2 protein chains.
Amino acid sequence: MTRLFKLVGGFAVAAVMAAAPIAAQADDKDTIDYRQHIMKGLDAQTAAIGMIVSTQIPEDNLVKHAEAIAQMAKTVKKSFEAKVAGGESKPEIWANWADFSKRLDDFVAKTDKMAKDAKTGGVPVVMEQMVDALTCKGCHDVYRNKK
Amino acid sequence: MTRLFKLVGGFAVAAVMAAAPIAAQADDKDTIDYRQHIMKGLDAQTAAIGMIVSTQIPEDNLVKHAEAIAQMAKTVKKSFEAKVAGGESKPEIWANWADFSKRLDDFVAKTDKMAKDAKTGGVPVVMEQMVDALTCKGCHDVYRNKK
């Protein structure tokens with residue numbers, strides 16, 4: 001039995017409600033869509049924490065944004081394991097997987113540290129660490145096709 | 001001293017690097033931009049976890065998405081405290097603050113529970129809880145202007 005849920009505005013998910021587990025099998029479009037969702041989430045939360053660090057927005061939510069970023073960072077590598085170039089992903093990702101993978105491990109470690117340290121250090125600590133933790137552009141310059 | 005960081009593709013943050021803390025003061029555009037970043041993050045992560053629940057994507061990242069959603073959920077109410085209608089937010093939000101606020105408290109409680117339960121229960125638990133935890137449409141129908 002398949003039911004269609006309206007989860008968020010404009011986004012519909014077909015959730016398979018079968019009692020028996022079904023092994024997930026991503027086709028190429030699914031793979032690309034999924035990693036784009038992850039990147040959009042990171043982009044949006046980085047923008048939000050950026051507004052706090054730049055003093056445009058009060059800092060109440062600082063730690064929660066940092067935690068969300070750290071959690072999302074941990075999902076990126078898995079989303080690129082399937083060798084599917086396209087969307088904005090260059091084939092160089094899989095040609096240079098060791099480099100790409102190491103960059104993502106660094107991203108996970110640094111965003112995790114930033115989230116932990118933000119709890120006690122607040123904005124100054126995030127300000128200090130984010131330039132090194134959120135090195136999005138470093139990967140994008142090499143591995144992403146500009147839209 | 002103000003420095004401009006390139007954080008993510010296409011998004012630039014002016015981070016005030018002054019040593020002395022500066023109280024953040026959001027103008028109306030900042031307020032609207034900030035809550036839109038939060039909503040975009042939620043939208044993207046809900047889409048990602050939706051792809052797992054609908055078996056389009058393997059479940060490896062399930063718990064991380066659920067945790068990211070729970071963290072982001074905790075940031076929403078604060079982002080709406082400033083009484084700034086606009087963007088897609090209707091003035092009804094502040095006219096009916098008790099209702100709006102209660103809905104967001106429920107959202108926080110339910111996404112928090114879903115993230116905790118996902119650790120042991122996996123996809124079936126998320127599938128069971130998400131319809132009630134991610135009731136985005138309930139609020140959007142009442143409090144959001146469609147684009």
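The values are calculated or read from the model by the stated rules, or taken from the named source; none is laboratory data. Just so it is clear, the model here is predicted, and its values are computed rather than measured. When we count neighbours, we look across all protein chains shown, and the Cβ atoms used for this are built from the backbone with ideal geometry, even at glycine.
Could you say which residue among B:LYS74, B:LYS102, B:LYS83, B:LYS110 is of a type in the set (Lys, Arg), assigned to a helix (DSSP H, G or I) and surrounded by fewer than 18 Cβ atoms within 10 Å (Cβ to Cβ)?
Selected residue: B:LYS102, the only one of B:LYS74, B:LYS102, B:LYS83, B:LYS110 that is of a type in the set (Lys, Arg), assigned to a helix (DSSP H, G or I) and surrounded by fewer than 18 Cβ atoms within 10 Å (Cβ to Cβ).
Quick check on the range B:24-54: of everything there that is β-branched (Val, Ile, Thr) and either farther than 15 Å from B:GLY122 by Cα or at pLDDT below 95 (or both), which residue is nearest to the chain's Cα centre (by Cα)?
For the range B:24-54, the residue satisfying everything is B:ILE38.
May I ask you to list the residues in the range A:113-147 that are surrounded by 19 or more Cβ atoms within 10 Å (Cβ to Cβ) and without any contact (Cβ under 8 Å) to a residue 24 or more places away in the chain?
The answer is A:GLN129, and nothing else.
For the range A:53-71, how many residues meet the condition of being within 7 Å of another protein chain (Cβ to nearest Cβ) and in a helix (DSSP H, G or I)?
9
Could you tell me how many of the residues in the range A:104-145 are closer than 15 Å to A:ASP60 by Cα and of a type in the set (Lys, Arg)?
Of the residues in the range A:104-145, 1 are closer than 15 Å to A:ASP60 by Cα and of a type in the set (Lys, Arg).
Could you figure out which of (1) in a helix (DSSP H, G or I); (2) under 19 Å from B:ALA47 (Cβ atoms) isn't true of B:ASP117?
(2)
To keep it simple, each residue is scored yes or no on (1) small (Gly, Ala, Ser); (2) in contact (Cβ under 8 Å) with a residue 60 or more places away in the chain.
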site: A:THR31; (1), (2): no, no
site: A:LYS40; (1), (2): no, no
site: A:ILE49; (1), (2): no, yes
site: A:PRO58; (1), (2): no, no
site: A:ALA68; (1), (2): yes, no
site: A:GLN71; (1), (2): no, no
site: A:LYS77; (1), (2): no, no
site: A:PHE80; (1), (2): no, no
site: A:GLY86; (1), (2): yes, no
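In the range A:22-50, how many are touching a His at 6+ places or on another chain (Cβ under 7 Å) and either assigned to a loop (DSSP other than H, G, I, E, B) or facing chain B (nearest Cβ under 7 Å) (or both)? Lay out the reasoning, then the answer.
Initial filter on the range A:22-50 (touching a His at 6+ places or on another chain (Cβ under 7 Å)): A:44-45, A:47-49.
Add one more test, that the residue is either assigned to a loop (DSSP other than H, G, I, E, B) or facing chain B (nearest Cβ under 7 Å) (or both), and what stays is A:44-45, A:47-48.
Going through the range A:22-50 one residue at a time, the tally reaches 4.
With respect to B:ILE57, is the statement that it is under 19 Å from A:ILE38 (Cα atoms) and either surrounded by fewer than 18 Cβ atoms within 10 Å (Cβ to Cβ) or touching a Leu at 6+ places or on another chain (Cβ under 7 Å) (or both) true?
no
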